[in-house]
1. Say we look at region 49-63 and pick out the residues that are surrounded by fewer than 20 Cβ atoms within 10 Å (Cβ to Cβ), hydrophobic (A, V, I, L, M, F, W, C) and in contact (Cβ under 8 Å) with a residue 12 or more places away in the chain; which of these is farthest from Glu154 (Cα to Cα)?
2. Yes or no: region 39-62 includes at least one residue that is of a type outside the set (Gly, Ala, Ser) and under 21 Å from Phe148 (Cβ atoms).
3. Is it the case that Val93 is within 22 Å of Pro174 (Cβ to Cβ) and surrounded by 12 or more Cβ atoms within 10 Å (Cβ to Cβ)?
4. Being within 19 Å of Gly157 (Cα to Cα) and out of contact with any Lys or Arg (no Cβ under 9 Å at 6 or more places or on another chain) is the filter here, so list the residues in region 1-18 that pass it.
5. With the requirement that a residue be surrounded by 20 or more Cβ atoms within 10 Å (Cβ to Cβ) and either assigned to a helix (DSSP H, G or I) or at positive phi (or both), what does region 30-48 give you?
6. Conditions first: (1) surrounded by 15 or more Cβ atoms within 10 Å (Cβ to Cβ); (2) modelled with pLDDT of 95 or more. Gly66 passes all but one, so which condition is the exception?
7. What are the residues in region 120-149 that are modelled with pLDDT under 95 and surrounded by 17 or more Cβ atoms within 10 Å (Cβ to Cβ), if any?
8. Given the structure, is His165 outside the structural domain of Asp44 (by TED's automatic domain parsing) and within 15 Å of Arg86 (Cβ to Cβ)?
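The values are calculated or read from the model by the stated rules, or taken from the named source; none is laboratory data. Note that the structure is a prediction, hence the values are computed from the model and not measured. Here the Cβ positions follow ideal geometry from the backbone for every residue, glycine too, while neighbour counts run over all protein chains shown.
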Amino acid sequence: MSDLKDEIAAQAARLVVEEGLGYGPAKQRAARALGLGHTRALPDNAQLELAVIDYLATFCGDTQPGELHALRTLALQWMERLAEFRPHLCGAVWRGTATHLSDIHLELFCDDSKSAEIALIDQKIAYTVHSARGLHGHPVDSLSVHAFCAPLNEDVGVHLMLYDHDDVRGALKPDASGRAPRGDAQALRRLMLQEA
């Protein structure tokens with residue numbers, strides 16, 4: 001069973017890195033590609049993340065660090081732009097597994113979620129609203145924008161998930177491996193300095 005999960009994780013990691021798929025769809029597609037159809041033998045996200053890290057180190061070591069730095073720099077610009085809403089970076093850009101195919105995911109902890117929309121309108125930033133799975137599995141509003149990333153010479157999706165101000169307390173607990181699942185602008189700056 002462990003070998004099967006490892007094989008699915010390796011296939012899924014390639015799909016995450018090369019095609020920009022999310023973890024769930026990548027695992028399902030990898031299982032189908034291996035002729036397994038719908039299976040319960042899927043690796044968990046932690047195992048898949050390790051496979052993604054291995055894949056990046058093996059096949060993208062010359063390009064991925066620069067792409068990650070460009071995305072983190074752009075994320076920091078957006079965090080500074082939206083500082084009043086207590087933005088926290090999460091996802092692949094925070095965890096260090098992002099490539100040029102990755103989007104930036106920011107969580108905003110607002111006193112009033114409508115104020116974030118008003119700020120985008122005031123700044124003349126076009127956005128779309130949709131629902132996304134939030135911190136505790138419940139749907140939350142997400143505002144999506146496109147931002148040009150000059151070092152990558154392409155547009156990047158920036159997704160702003162809207163939470164109540166009080167939700168930030170539970171959001172900062174470390175995960176099972178002791179890593180912070182998200183970080184504010186100060187934490188991101190520290191991370192970027194460590195990697196410089």
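1. First pass over region 49-63, keeping only residues surrounded by fewer than 20 Cβ atoms within 10 Å (Cβ to Cβ): 50, 53-54, 57-63.
Subset that is hydrophobic (A, V, I, L, M, F, W, C): 50, 53, 57, 59-60.
So of that shortlist, the ones also in contact (Cβ under 8 Å) with a residue 12 or more places away in the chain come out as 50, 53, 59-60.
Values: Leu50: 28, Ile53: 24, Phe59: 22, Cys60: 19 Å.
Within region 49-63, the match that is farthest from Glu154 (Cα to Cα) is Leu50.
2. Here is the first cut: in region 39-62, the ones of a type outside the set (Gly, Ala, Ser) are 39-40, 42-45, 47-50, 52-56, 58-60, 62.
So of that shortlist, the ones also under 21 Å from Phe148 (Cβ atoms) come out as none.
No, every residue in region 39-62 fails to be of a type outside the set (Gly, Ala, Ser) and under 21 Å from Phe148 (Cβ atoms).
3. Numbers: within 22 Å of Pro174 (Cβ to Cβ): yes; surrounded by 12 or more Cβ atoms within 10 Å (Cβ to Cβ): yes.
When the stated conditions are applied, Val93 passes them.
4. Val16, Val17, Glu18
5. The initial filter retains those residues of region 30-48 that are surrounded by 20 or more Cβ atoms within 10 Å (Cβ to Cβ), namely 30-31, 42-43, 48.
Matches in region 30-48: Ala30, Ala31, Leu48.
6. Single failed check for Gly66: (1).
7. Selection gives Gly134, Val140, Asp141.
8. Values: outside the structural domain of Asp44 (by TED's automatic domain parsing): yes; within 15 Å of Arg86 (Cβ to Cβ): yes.
The answer is yes for His165.
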